[in-house]
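The values are calculated or read from the model by the stated rules, or taken from the named source; none is laboratory data. Worth saying up front: this structure is predicted, and the values here are computed from it rather than measured. Quick reminder, even Gly has a Cβ in these numbers, built from the backbone with ideal geometry, and neighbours come from all protein chains shown. Heads up: the accessible areas ignore ligands, DNA and RNA and are worked out on the full protein's heavy atoms, side chains in. Shrake-Rupley method; radii C 1.70, N 1.55, O 1.52, S 1.80 Å.
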Amino acid sequence: MGNIDESFFQETEHRPKQSTIEAENIPLIDLSPILTSDSLNSSSEITNLVAQIGDACQKWGFFQVINHGVPSTCREKIERASKEFFLLPTEEKRKVSRDEDNPLGFYDTEHTKNVRDWKEVFDFVVENPTLLPASHEPHDMELMELKNQWPNFPNNFREACEEYAQGIEKLSYKLVELIALSLGLSSKRLNSYFKDQTSFMRLNYYPLCPIHDLALGVGRHKDSGALTVLAQDDVGGLEVKRKADGEWIQVKPIPDAYIINVGDIIQVWSNDRYESVEHRVIASSMKERFSVPFFFNPSHYVMVEPLEELTNEESPAKYRAYNWGKFLTTRNLSNFKKLNVENVQIYHFRNGDLFTNVLVGLAPNDMVQRTTRRRDTLHSEGVHRLSELCCFAATQLVMLGKSIISTANKVADQDANVEILKMEWPEDSIERAKVIRSKACSMTGCVEAVSSSFITGISEVAEAYLAAVKSVAADSHEVPQKSIQDKANAYAENLRAAHSTAMGKIQDGLQYLPYVVISTSMPAA
Ligand SMILES: O=C(O)CCC(=O)C(=O)O
Ligand SMILES: [Fe+2]
């Protein structure tokens, strides 16, 4: 697993506590009613099942299922294959490493919220190939094909993975149908979104961890897809944040059960009726652990937005539509592992109506105060995040230069625990330039995402204020409208300027790197 470095250390407040609550568990649901019929016709058993699923989604966002119809032999086969694969020597596993061009395969430096996870993974897609946007750039329509890479050992690995994926995919459709019914929709309402699915399966291996009090197997996160179907072994370690009080609750291993959780997409489709809930995995110094999540994701071209049937005047759409493929590629951007900014999140697409709710019922003066405070906070936070990003980008560019030079001189850099310095550079200088270009694209992509989310946020606050003022005060001219709006515009302009400065700095820094590449590729005099 390599050296223990600080990139694994969680901030103090996110480190595992000694005693987590074991008393309550997430709901356990018996799916046997779906085994007897192909269509989910409205028998009283199905109605009862749908109600249980609806309750579990609402209260926990998580549940376990038994009598699900996935043959246990399939599961045993993939679990055995996974164990055999991860126990191979690292050099063997690295033959199918994921890289800049292919995000599928083996990987041991997964990061969650910029902290390294104590685990190794192997990813494969269920539609081979899977189509995704080639870049996160909004106007770039080019697509790319993701293709699986399979290891030579163990020799039944591919077969075990493909068979298991088929069984789990079938179960996932059933679950999505039950969830659709629980939202009052027709059972097949969501199925077409998965026609050219971008779903993937992940084999997780959590090795023994000597720093289990500092690190996590997987840091706290929400799953960004539609639905996750997880097989965990008998070791345990998955914890779910209880919605009622924010306590971390252990998910007890149940033989042959699957753990199901609602992802961000169902949260958006359901307009927040069901929430995607945070979870994490504790690392252990006593027992290694294996798990296999399946991330059921829609086609890349799906625009994710609250379903029409679930929104109306009283409960308007809480999110703007976003393109799933672009969301995923923006997420995957972060090849710079220790990015000091948050990755793209669904709340970046939240509509301003939440702030409108904050203003409801306030006296005009209080409205002014609340709006001013929110607008100013968004502005200063935006400036802060952009300047942090700018410093980060400059450091990364220097590091890239150092890394090229030390590779050319074949010396290890003193800072070798910095991820980027350990990069393996291609021999060919054009290929090196391509790597630099893709890193620069990642950085500019992040700058763009951060600045546009703050600019949108500020203008939404100003709009919500205008609407609220108009609705309460007939003589609203007494309430400052113009100055609130003007200042919001000035702030947005200021953020745009900070954005251009950051992009300029990245471009400036980038100008030097080709010289470094060229000079380090020339033969010594
Ligand atoms: O290994 C587990 O139990 C959960 C892993 C997980 O949450 C994930 O990969 O998203
Ligand atoms: Fe997860």
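Answer with yes or no whether Phe194 is within 16 Å of ligand 2 (Cβ to nearest atom) and of a type in the set (Phe, Trp, Tyr). For Phe194, the condition - within 16 Å of ligand 2 (Cβ to nearest atom) and of a type in the set (Phe, Trp, Tyr) - is not met. Do you know which residues across region 41-58 are of a type in the set (D, E, K, R) and at pLDDT 95 or above? Result: Asp55, single match. In region 288-308, the residues that are over 15 Å from Leu131 (Cα atoms) and in a loop (DSSP other than H, G, I, E, B) form Cβ pairs under 6 Å with partners that are open to solvent by 30 Å² or more (accessible area, probe 1.4 Å) and more than 14 Å from ligand 2 (Cβ to nearest atom), at six or more places apart or across chains, as follows: Glu288/Leu208; Glu305/Ala321; Pro306/Ala317. All of Glu169, Glu163, Glu177 fail the test of being in contact with a Cys (Cβ under 8 Å, 6 or more places away or on another chain), among the charged types (D, E, K, R) and farther than 18 Å from Arg98 by Cα, apart from Glu163. One residue stands out among those in region 273-301 that are open to solvent by less than 10 Å² (accessible area, probe 1.4 Å) and under 15 Å from Gln197 (Cα atoms): the one that is farthest from ligand 2 (Cβ to nearest atom), which is Ser299. Restricting region 215-272 to residues that are among the polar types (S, T, N, Q) and not in a strand (DSSP E or B) leaves a set whose member that is nearest to ligand 2 (Cβ to nearest atom) is Ser224.
Applying the condition of being open to solvent by 20 Å² or more (accessible area, probe 1.4 Å) and within 15 Å of ligand 2 (Cβ to nearest atom) to region 198-214 and asking which residue is farthest from Tyr347 (Cα to Cα) yields Arg202. Taking region 223-249 as the search range and keeping residues that are over 23 Å from Trp269 (Cα atoms) and β-branched (Val, Ile, Thr), which one is least open to solvent (accessible area, probe 1.4 Å)? By that ranking, first place goes to Ile249. Just to be sure, is Gly105 of a type in the set (Gly, Ala, Ser), within 16 Å of ligand 2 (Cβ to nearest atom) and touching a strand residue (DSSP E or B) at 6+ places or on another chain (Cβ under 7 Å)? Judged against the criteria, Gly105 is not a match. Do the conditions hold for Glu305, that is, is it in the same structural domain as Lys170 (by TED's automatic domain parsing), within 20 Å of the chain's Cα centre (by Cα) and either of a type in the set (Gly, Ala, Ser) or farther than 26 Å from Phe122 by Cβ (or both)? For Glu305, the condition - in the same structural domain as Lys170 (by TED's automatic domain parsing), within 20 Å of the chain's Cα centre (by Cα) and either of a type in the set (Gly, Ala, Ser) or farther than 26 Å from Phe122 by Cβ (or both) - is not met. Inspect all residues belonging to region 166-185 and state whether any of them is within 16 Å of ligand 2 (Cβ to nearest atom), in contact (Cβ under 8 Å) with a residue 24 or more places away in the chain and within 20 Å of the chain's Cα centre (by Cα). Within region 166-185, one or more residues are within 16 Å of ligand 2 (Cβ to nearest atom), in contact (Cβ under 8 Å) with a residue 24 or more places away in the chain and within 20 Å of the chain's Cα centre (by Cα).
For Gly217, the conditions (1) within 11 Å of ligand 1 (Cβ to nearest atom); (2) over 20 Å from the mean Cα position of the chain (by Cα) all hold with the exception of (2). Within region 159-170, is there a residue that is assigned by TED's automatic domain parsing to the domain that holds Leu87, open to solvent by 30 Å² or more (accessible area, probe 1.4 Å), farther than 30 Å from Lys95 by Cβ and away from ligand 1 (no atom under 16 Å from the Cβ)? Checking region 159-170: at least one residue is assigned by TED's automatic domain parsing to the domain that holds Leu87, open to solvent by 30 Å² or more (accessible area, probe 1.4 Å), farther than 30 Å from Lys95 by Cβ and away from ligand 1 (no atom under 16 Å from the Cβ). Of all the residues in region 39-48, those that are over 33 Å from the mean Cα position of the chain (by Cα) and in a loop (DSSP other than H, G, I, E, B) number 3.
For the structure I just gave you, tell me whether Lys252 is surrounded by fewer than 23 Cβ atoms within 10 Å (Cβ to Cβ) and either modelled with pLDDT of 95 or more or under 21 Å from the mean Cα position of the chain (by Cα) (or both). No: the conditions fail for Lys252. When region 90-106 is filtered for residues that are assigned to a helix (DSSP H, G or I) and either among the basic types (Lys, Arg) or under 17 Å from Arg158 (Cα atoms) (or both), the ones remaining, listed by number, are Glu92, Lys93, Arg94. Inspection of region 79-87 finds a residue satisfying the criterion of being exposed (fewer than 14 other Cβ atoms within 10 Å of the Cβ) and either free of Cβ contacts under 8 Å to residues at least 12 places away in the same chain or among the hydrophobic types (A, V, I, L, M, F, W, C) (or both).
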